[in-house]
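K.L.:
Got a structure for you, questions after.
The values are calculated or read from the model by the stated rules, or taken from the named source; none is laboratory data. Quantities reported herein were computed from a predicted structural model and do not represent experimental measurements. Positions of Cβ are backbone-derived with ideal geometry, glycine not excepted, and every protein chain shown enters the neighbour counts. Surface accessibility is based on the protein's heavy atoms, side chains included, excluding ligands, DNA and RNA. Shrake-Rupley method; radii C 1.70, N 1.55, O 1.52, S 1.80 Å.
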Amino acid sequence: MLARIWSASLVGIDAVKVGVEVDIAGGLPGIVVVGLPGTEVQESRERVKAALKNAGYAVPMRKIVINLTPADLRKEGPSFDLPVSIGILAASEQVSSALLEDTLFLGEVSLDGSLRPVAGVLAIAAAAAELGIRRLVVPADNAREAAVVQGVAVYGLQSLLEVTDFLNQPERWQPLQMNGLDELARLRSQGLDLKDVKGQSHARRALEIAAAGGHNLIFVGPPGSGKTMLARRLPGILPALSFDEALEVTQIHSVAGLLKHRGSLVGERPFRSPHHSASGPSLVGGGSFPRPGEISLAHRGVLFLDELTEFKRDVLEFLRQPLEDGQVTISRTRQSVSFPAKFMLVASTNPCPCGYFGDTIQPCTCSPRQREQYWAKLSGPLMDRIDLQVAVNRLKPEEITQQGAGEPSALVRQRVEVARDRARQRFQSDALHCNAEMQTRQIRRWCQLDDTTRSLLEGAIRKLGLSARATDRILKVARTIADLAGDEQVQTPHVAEAIQYRTIDRMQ
């Protein structure tokens, strides 16, 4: 007898509907899987046989052929265990086939018949809803993740026995109901607070501007000046994730397998901080079956690179295209996969190998040649893509011992949200989220300068040797400063403040 079950496979962060066709016919007993299965899918034959036996079902002592369609799509992962198991039971008439046509199955099966969570369930649930699939059967640990998608009934079950009982007696089971907005509100947290940072008013101002405009930022200063402490408080002053943004972020984390024990949604903006020994593929993603890397996991959030100059130069060059385009494309022989990568890059570094160049207390022991080689690790094109370049000085003794707390993140976030709202209203017809995403056309329209301001900018270009890209960055930052001030036009003080954040452009 022939049975057909629906499942899905991931291509990047998107899901493709997969048919699992099971035919039981005469011949030597055994299970044959065709349709370009990966290693995990091939191994499912033994898992499924043991699981069915231990759950009390009979495995037909005949030839079982399992075909995964479309045949030219590579199928990876253990998520096909459950549809293969149900296919064998349906083909051998041990379970009702009435619900199979508009139900999608997904899950790994343990040898005792229990269901284990799998990656990418949110992406598959979203695809199922678009395809008109009415029901989605997943492991219980994946149910909350899938249930945030509207338009598909999600059943989170614990074992093969529960799945077969659901198919035979569906009236006994109710789908999991969830309100995605309520769930997102429950998962939000305030994060680390800026009030814990002493002094550093200049760096705090730069952090606020970066948050308001979505700008990339680098802190340069001696050890212990608070660079990392400042960077880790950036998510706390960013606007909260909208529901659509939360779905985007959660979908990426789900595909990467980071949601199995984290609940249904990512409620906070991501903050990713890879070690400086990270490779290029670990940052941008890759593998024979491409998975998202750190820059995609930081989508709609922050990618923090501590000790930037300790990263290999060729690894840092991987960041240039994603910083410009907001996505990364990974090409393989069989397929090309794109991952979203709209993130804020925040970096920190010492000003020289010893860390004390320009420090007022401890003298620098590096030679000019050493400092030149140190900064040569950062290419000009990469530095051009960093909007705010901020010198962070050592705290003064009176700042270290001060008792009062600084301005809390909540107050800063209020100003940031007002500035972001101004930008969103301005870019309604352009589908942009913040000033950092402006292209040449938007810059020309929304960053018009009077003669005095233009002369100031031209002088800075000549003095600092700025490229056209760096000049555009200055205008974007000036636009954000104007938004924070509540001004419609970019004025001379806004551009002057933006220029000062490029003063370490060619620091050596």
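K.L.:
For helix 201-213, report the angle its Cα long axis makes with the longest principal axis of the Cα atoms of the chain; keep it between 0 and 90° and round to the nearest 10°.
P.N.:
Approximately 50 degrees, to the nearest 10.
K.L.:
Same structure again: By how many degrees, 0 to 90 and rounded to 10, does the Cα axis of helix 451-464 deviate from the longest principal axis of the chain?
P.N.:
The angle comes out at about 80 degrees.
K.L.:
Right, next: Kindly write out, for the range 287-300 in residue order, the coupling ³J(HN,Hα) from the Karplus curve 6.51 cos²θ - 1.76 cosθ + 1.60 (θ = phi - 60°), rounded to whole Hz, with x marking Gly and Pro.
P.N.:
My calculation for the range 287-300 gives x, 4, 10, x, 10, x, x, 4, 5, 7, 5, 8, 3, 6 Hz in order.
K.L.:
Here's a follow-up. For Lys75, what residues show an amide H to amide H distance below 5 Å, using hydrogens built from the backbone and excluding near sequence neighbours?
P.N.:
Sorted by chain and number, the residues that satisfy this are Gly38.
K.L.:
Among Gly156, Ile504, Gly287, whose Cα lies farthest out toward the positive end of the dipole of the chain, if unit charges sit on the beta carbon of Lys, Arg (+1) and Asp, Glu (-1)?
P.N.:
Of the options given, the answer is Ile504.
K.L.:
Same structure, new question: Which number comes out as Rg/Rh for the range 270-316 once both Rg and the Kirkwood Rh are worked out on C-alpha atoms?
P.N.:
On the way: Rg = 10.5 Å, Rh = 10.9 Å.
Here the Rg-to-Rh quotient is 0.97.
K.L.:
Enter the accessible area per residue of the chain (Å², integer; probe 1.4 Å; all protein chains in place).
P.N.:
Working: 21890 Å² over 508 residues.
With the other protein chains kept in place, the chain gives 43 Å² per residue.
K.L.:
To continue, here is another question. For a quick size check, give me the Cα extents of the range 192-316 along its three principal axes, largest first, whole Å.
P.N.:
46, 36, 25
K.L.:
How about Lys49: which lysines have a C-alpha closer than 16 Å to its C-alpha, ignoring those fewer than 8 places off in the same chain?
P.N.:
Straight-distance partners of Lys49: Lys63.
K.L.:
Ok, one more. Any idea what the alpha-carbon Rg over 2.2 N^0.38 Å comes to for the range 109-232?
P.N.:
Details: Rg = 23.0 Å, N = 124, 2.2 N^0.38 = 13.7 Å.
Rg over 2.2 N^0.38 Å, computed on Cα atoms: 1.67.
K.L.:
Let me ask something additional. Could you name the lysines whose alpha carbon sits less than 23 Å from that of Lys396, not counting residues in the same chain fewer than 8 places away?
P.N.:
Lys195, Lys198, Lys227
K.L.:
Modelled label-to-label distance, Arg313 and Val34, 7 Å Cα→beta-carbon offset: nm?
P.N.:
5.4
K.L.:
Could you check the spin-label model distance between Ser367 and Leu181? Points 7 Å from the Cα along Cα→Cβ, value in nm.
P.N.:
Here the modelled spin labels are 6.6 nm apart.
K.L.:
So what are the ³J(HN,Hα) numbers for the range 134-150, from phi and the Karplus equation (6.51, -1.76, 1.60; θ = phi - 60°), rounded to whole Hz, Gly and Pro as x?
P.N.:
Here the 3J(HN,Hα) series is 7, 10, 10, 9, 9, x, 4, 5, 9, 5, 5, 4, 6, 6, 6, 7, 8 Hz.
K.L.:
What is the spread of the Cα atoms of the range 435-496 along each of their three principal axes, largest first, in whole Å?
P.N.:
30, 23, 16
K.L.:
In addition: Sort largest first and round to whole Å: the equivalent ellipsoid semi-axes of the range 396-508, each the square root of five times a Cα gyration tensor eigenvalue. It would help to have the intermediate numbers written out before the result.
P.N.:
Working: eigenvalues 141, 99, 30 Å².
Sorted largest first and rounded, they come to 27, 22, 12 Å.
K.L.:
OK, next. Which number do you get for Rg(Cα) / (2.2 N^0.38 Å) in the range 327-465? Write out the running numbers ahead of the final one.
P.N.:
Values: Rg = 21.0 Å, N = 139, 2.2 N^0.38 = 14.3 Å.
Normalised Rg, Cα atoms only: 1.47.
K.L.:
A follow-up question, please. Per the Cauchy relation, a quarter of the hull surface: what is the mean projected area of the convex hull of the alpha carbons in the range 1-121, in nm²? Don't skip to the answer; put the middle values down first.
P.N.:
Working: hull surface 27.4 nm².
Its Cα hull, projected and averaged over all orientations, spans 6.9 nm².
K.L.:
Of Val138, Ala231, Leu432, which is farthest towards the positive pole of the chain's charge dipole, taken about the Cα centre with +1 and -1 on the beta-carbons of Lys, Arg and Asp, Glu respectively?
P.N.:
Ala231
K.L.:
Hey, got a sec? Which GluC sites (Glu not before Pro) in the range 437-508 land in a DSSP loop and have at most 12 other Cβ atoms within 10 Å?
P.N.:
Numbers: sites: Glu437, Glu458, Glu488, Glu497; in loops: Glu488.
Hits after loop and neighbour filter: Glu488.
K.L.:
Provide Ser429, Ser379 ordered by accessible surface of protein heavy atoms (probe 1.4 Å), highest first. If you can, show how the numbers build up before the last one.
P.N.:
Details: Ser429 100, Ser379 5 Å².
My answer, sorted largest first, is Ser429, Ser379.
K.L.:
Nothing charged except the Cβ atoms of Lys and Arg (+1) and of Asp and Glu (-1): what's the magnitude of the dipole of the range 237-344 about its Cα centre? Round to the nearest 20 debye. Please list the in-between numbers first.
P.N.:
Working: 12 positive and 12 negative charges, 82 e Å.
Charge dipole of the range 237-344: 400 debye, to the nearest 20.
K.L.:
Taking a cut-off of 19 Å between Cα atoms, list the lysines near Lys75, but don't count ones fewer than 8 places away on the same chain.
P.N.:
Cross-link targets: Lys17.
K.L.:
Divide by every residue of the chain the summed helix terms, -39500 (n - 2.57) for each DSSP H run of at least 4, and state the resulting mean residue ellipticity at 222 nm, rounded to the nearest 500 deg cm²/dmol. Write out the running numbers ahead of the final one.
P.N.:
Values: 21 runs with 194 residues, N = 508.
The helix-only estimate for the chain comes to -11000 deg cm²/dmol at 222 nm.
K.L.:
Using the Karplus equation 6.51 cos²θ - 1.76 cosθ + 1.60 (θ = phi - 60°), what ³J(HN,Hα) coupling, rounded to whole Hz, does each residue of the range 304-312 give in order, writing x for Gly and Pro?
P.N.:
So the J values, rounded to whole Hz, are 9, 10, 7, 6, 4, 6, 7, 6, 5.
K.L.:
Which angle between 0 and 90 degrees, to the nearest 10, do you get for helix 81-91 versus the longest principal axis of the chain when only C-alpha atoms count?
P.N.:
Long axis of 81-91 versus the principal axis of the chain: about 20 degrees.
K.L.:
Now a separate question. Size of the dipole of the chain about the Cα centre, Lys and Arg at +1 and Asp and Glu at -1 on the beta carbon, nothing else charged, in debye to 20? Write down the numbers at each step before the final one.
P.N.:
Numbers: 60 positive and 57 negative charges, 211 e Å.
Result for the chain is approximately 1020 debye, rounded to the nearest 20.
K.L.:
While we're here: When the Cα centres of the range 354-407 and the range 178-251 are compared, how far apart do they sit, in Å?
P.N.:
Using only Cα atoms to place each centre, the spacing works out to 21 Å.
K.L.:
In Å and from the alpha-carbon atoms only, list the Rg and Dmax of the range 219-277.
P.N.:
Calculated on Cα positions, Rg and Dmax stand at 14.6, 41 Å.
K.L.:
Let me know the charge dipole size of the range 195-239 about its Cα centre in debye, to the nearest 20, where only the beta-carbon of Lys, Arg (+1) and Asp, Glu (-1) is charged.
P.N.:
120
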